[in-house]
Every structure is written in structure tokens, then in C-alpha cells.
Amino acid sequence: MLNSLIEAINKKNIESQDRINKDVKTYTQFVLVMKFLLPLITFFILLVVIIYPLLNNSNDGSSVNFLENTNLDSDKLSLVNARYFGVDKNGQQFSITASKATEKKEDKNSIILNTPQADIILEDGNWLMVGANYGEYLRSQSVLNLEGNVSLFQDQGYEMHTENATLYIEKGSGKGDRAVNAQGSFGLLTAEGFKFKNKGDVFFFNGPAKLTLSPFRKKK
């Protein structure tokens with residue numbers, strides 16, 4: 001009788017220990033799973049709250065929309081290392097990058113950019129790149145205003161440097177009213193302003209302007 005009682009007690013102890021071991025194992029597995037899932041869940045929440053609104057289509061036909069509808073309680077909503085891709089109404093690709101993009105709380109149409117750069121890909125595969133120290137993007141008009149060390153490069157070997165410029169991204173045109181220095185295979189050019197159309201196919205320079213032609217070299 002005593003032996004039977006001891007065996008029953010031992011059996012209960014073993015069953016209790018098995019349950020405890022099973023519970024500990026289950027809890028350990030749960031902790032390991034949550035250590036993996038929590039950062040993933042946090043990432044997807046940030047993706048939905050911050051990144052998704054950037055991809056919404058704007059009313060002007062461009063797929064770029066800076067920091068729109070992001071409901072964060074902040075005087076100035078900023079994004080570091082911002083990069084935005086878009087397609088204009090003619091189906092041509094462009095992108096705008098900046099080391100920092102800050103949305104004005106009082107005017108969500110205006111995005112202040114640090115070291116902005118705009119890249120426009122033309123229908124024939126050629127490209128046009130413009131960069132500066134500072135910029136302001138007006139998204140409803142798809143206009144990019146640039147200030148300070150504005151540089152424009154075209155893949156055909158032309159480059160231009162000035163202090164301010166305005167780009168009309170949807171129209172594929174731009175202008176500036178400060179002194180300009182340009183160079184290319186043609187030579188060197190200085191002027192008091194510029195404008196271009198057809199995404200850089202045609203340039204106009206304001207006078208007084210000075211052009212120094214490069215010597216013509218015959219191909220061997």
C-alpha cells in the first residue's frame with residue numbers, strides 16, 4: 001500500500017515537472033519569436049506611417065508627393081536622406097534627392113531641401129542633372145527652386161554653373177537670373193541669366209553674353 005502511494009506521488013511529480021518543462025519551453029519559444037517579430041512589426045508600422053504617403057499620386061499627374069498626410073505631431077516634419085521617384089505626365093522618369101527634406105507645417109505644399117539634386121531622364125535615354133546647396137519644392141506646381149552653387153550637367157558633355165535656378169519639372173523647362181558660366185565642346189560661355197526648354201534640348205542665354213569658341217579639331 002505504501003509503495004503504491006509513493007509510486008503515485010512520484011508519477012504526479014513527474015507529470016508536474018513535464019508540464020513545467022513544457023511551459024518553460026513554450027515561453028522560451030514565444031520570447032524568441034517576439035524578439036524577431038517586434039522589430040519587424042515596428043518597421044512595417046513606420047513604413048505605413050511615413051513611407052506609404054510619399055508614394056501617393058499627386059493631383060498634377062506626378063507620382064512624387066513629399067511627406068503628405070503624415071500625421072506626426074511635430075512643428076517641422078523632416079526626412080533624412082530623402083529620395084523620391086516620379087513619372088511626369090508624358091511618362092518620363094525623374095527623381096529628386098536631398099540630404100534632408102523638411103515640410104513646412106504652415107504650408108504643406110512647400111518642402112525645404114538640403115543639398116537637393118534633380119535627375120531627369122529624357123525619352124531618348126539621355127539625362128539632365130541639376131544640384132544645389134538648398135532648394136524648395138512646390139509639389140502642387142511641380143516646381144523646384146534652387147539656391148547656392150547651382151550646377152547643371154547634361155550627358156552630352158555640357159555643364160553650367162550659377163547661383164539660382166527654377167525648374168518646372170512637369171514642363172521640362174527652367175530659368176535663372178544670375179550670372180552664368182557654361183562650358184562644353186563648343187567652348188566657354190558667360191551670361192547674365194538663362195532659360196531652357198524641352199528638358200535641356202534648347203538653351204537661351206541673357207546678355208550681355210560672351211562666347212569663347214574652342215578650336216575645331218579634325219578627326220584623324
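Numbers below:
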read-out	value
Scope the stretch 165-187; condition buried (at least 17 other Cβ atoms within 10 Å of the Cβ) and either touching a Leu at 6+ places or on another chain (Cβ under 7 Å) or without any contact (Cβ under 8 Å) to a residue 12 or more places away in the chain (or both); matching residues	Ala165, Leu167, Ile169, Gly174, Ala182
Tally, over the stretch 133-163, of residues that are in contact with a Leu (Cβ under 6 Å, 6 or more places away or on another chain), free of Cβ contacts under 8 Å to residues at least 60 places away in the same chain and more than 20 Å from Leu189 (Cβ to Cβ)	2
Total residues in the stretch 171-220, condition at pLDDT 85 or above, closer than 30 Å to Gly86 by Cα and not in a strand (DSSP E or B)	3
Where Trp127 falls short, out of the listed (1) aromatic (Phe, Trp, Tyr); (2) modelled with pLDDT under 90; (3) surrounded by fewer than 21 Cβ atoms within 10 Å (Cβ to Cβ); (4) farther than 24 Å from Gly187 by Cα	(4)
Test: residue in the stretch 139-158 that is closer than 24 Å to Gly91 by Cα and touching a Lys or Arg at 6+ places or on another chain (Cβ under 6 Å)	no
Number of the condition not met by Lys108 [criteria: (1) closer than 22 Å to Asn81 by Cβ; (2) surrounded by 23 or more Cβ atoms within 10 Å (Cβ to Cβ); (3) more than 14 Å from the chain's Cα centre (by Cα)]	(2)
Enumeration of residues in the stretch 100-121 that are farther than 14 Å from Leu146 by Cβ and without any contact (Cβ under 8 Å) to a residue 24 or more places away in the chain	Lys100, Glu106, Asp107
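Table: residues versus (1) assigned to a strand (DSSP E or B); (2) among the hydroxyl-bearing types (Ser, Thr, Tyr); (3) under 21 Å from Asn198 (Cβ atoms).
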| position | (1), (2), (3) |
| --- | --- |
| Asn81 | yes, no, no |
| Gly86 | yes, no, yes |
| Ser95 | yes, yes, yes |
| Ala98 | yes, no, no |
| Asp107 | no, no, no |
| Asp119 | yes, no, yes |
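The values are calculated or read from the model by the stated rules, or taken from the named source; none is laboratory data. Predicted model, so just to flag it, every value in this text is computed and none were measured. No Cβ is skipped: glycine too gets one built from the backbone with ideal geometry, and neighbour counts run over all protein chains shown.
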